[in-house]
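Peer 1: This is the structure I want to talk about, given as structure tokens.
The values are calculated or read from the model by the stated rules, or taken from the named source; none is laboratory data. What you are looking at is a predicted structure, and each value in this text was computed from that prediction instead of being measured. Glycine also receives a Cβ, built like all others from the backbone with ideal geometry; neighbour counts cover every protein chain displayed. Heads up: the accessible areas ignore ligands, DNA and RNA and are worked out on the full protein's heavy atoms, side chains in. Shrake-Rupley method; radii C 1.70, N 1.55, O 1.52, S 1.80 Å.
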Amino acid sequence: MNEPHLQIHQTSYRLGWEVQKASYSFEPAHTSIEIEQQPAEMRVHRTNPLVLIDQTECRADMDMKHIFRRNAEFAAYGKQQVMRYIADTVAEGEQLGAIENKGNTIANLAKGKKLLPDHQFIYRNVPGNFSLRYEIVPGELDIQWTRGQILMGVHYSPFQHHYERGKISYYTQRKNQLNIEVSGGTIDVMK
């Protein structure tokens, strides 16, 4: 005979959860530098050297004189001849004034005055040595520098970070259950 018996099936409560991990992200601080250099400038100013040559005396040695110089020389020569004539006349007058001296003064004066003057011949270079004059004017070199400017730009971005907290979510996967079954007969629960 089958006796009634109870079969009890129990399912326990099951809890489930989801974990969302915490996240942390960051961007480090960084600096960028922009450098721009303008080119340097150089200005050069130069004056050429000069050689100044004076050929006036060379031309004078070749008797190619300017009219002003020639007139000045003629005037100086004429003045010298007048002074020499005056000096000679005074000297002759003094000799004639000293007539009381012994000797023939007039004959001595005539002997001193020659009809043909003595000529002297001179050999020389034309133009003469050291008659060329020159002067050297040195040139100048002026250099001016203008430095190029350096332009700098600094861009700074600060340290940035982001933190997101983790989450834990709980949920019920299965509830508690109690199943009671009677097998092999019936049970009167009203008694």
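Peer 1: Pairs, please: C-beta under 6 Å, at least 6 apart or cross-chain, first residue closer than 30 Å to P158 by Cβ and in the range 29-54, second aromatic (F, W, Y) and open to solvent by 80 Å² or more (accessible area, probe 1.4 Å)?
Peer 2: So the pair list comes out as A29/F159; T31/Y156.
Peer 1: Quick check: is even one residue across the range 39-53 of a type in the set (G, A, S) and modelled with pLDDT of 85 or more?
Peer 2: yes
Peer 1: Can you name every one of the strands (runs of 3 or more DSSP E) wholly within the range 1-115 that holds 3 or more residues which are under 47 Å from the mean Cα position of the chain (by Cα)?
Peer 2: Values: elements: 5-11, 14-20, 23-27, 30-37, 41-47, 50-54.
Strands (runs of 3 or more DSSP E) meeting the threshold: 30-37, 41-47, 50-54.
Peer 1: Is the range 118-132 home to any residue that is within 49 Å of the chain's Cα centre (by Cα) and open to solvent by less than 90 Å² (accessible area, probe 1.4 Å)?
Peer 2: To start, the set of residues in the range 118-132 that are within 49 Å of the chain's Cα centre (by Cα) comprises 129-132.
Filter again for open to solvent by less than 90 Å² (accessible area, probe 1.4 Å), leaving 131-132.
Yes; the residues of the range 118-132 include at least one that is within 49 Å of the chain's Cα centre (by Cα) and open to solvent by less than 90 Å² (accessible area, probe 1.4 Å).
Peer 1: If the requirement is being open to solvent by 60 Å² or more (accessible area, probe 1.4 Å) and modelled with pLDDT of 80 or more, which of these qualifies: K102, K111, K65, K79?
Peer 2: Values: K102 fails: modelled with pLDDT of 80 or more; K111 fails: modelled with pLDDT of 80 or more; K65 fails: open to solvent by 60 Å² or more (accessible area, probe 1.4 Å).
Just a single option satisfies the conditions, and that option is K79.
Peer 1: Within the range 165-191, restricting attention to residues that are modelled with pLDDT of 75 or more and in a loop (DSSP other than H, G, I, E, B), which residue is nearest to the chain's Cα centre (by Cα)?
Peer 2: For the range 165-191, the residue satisfying everything is R165.
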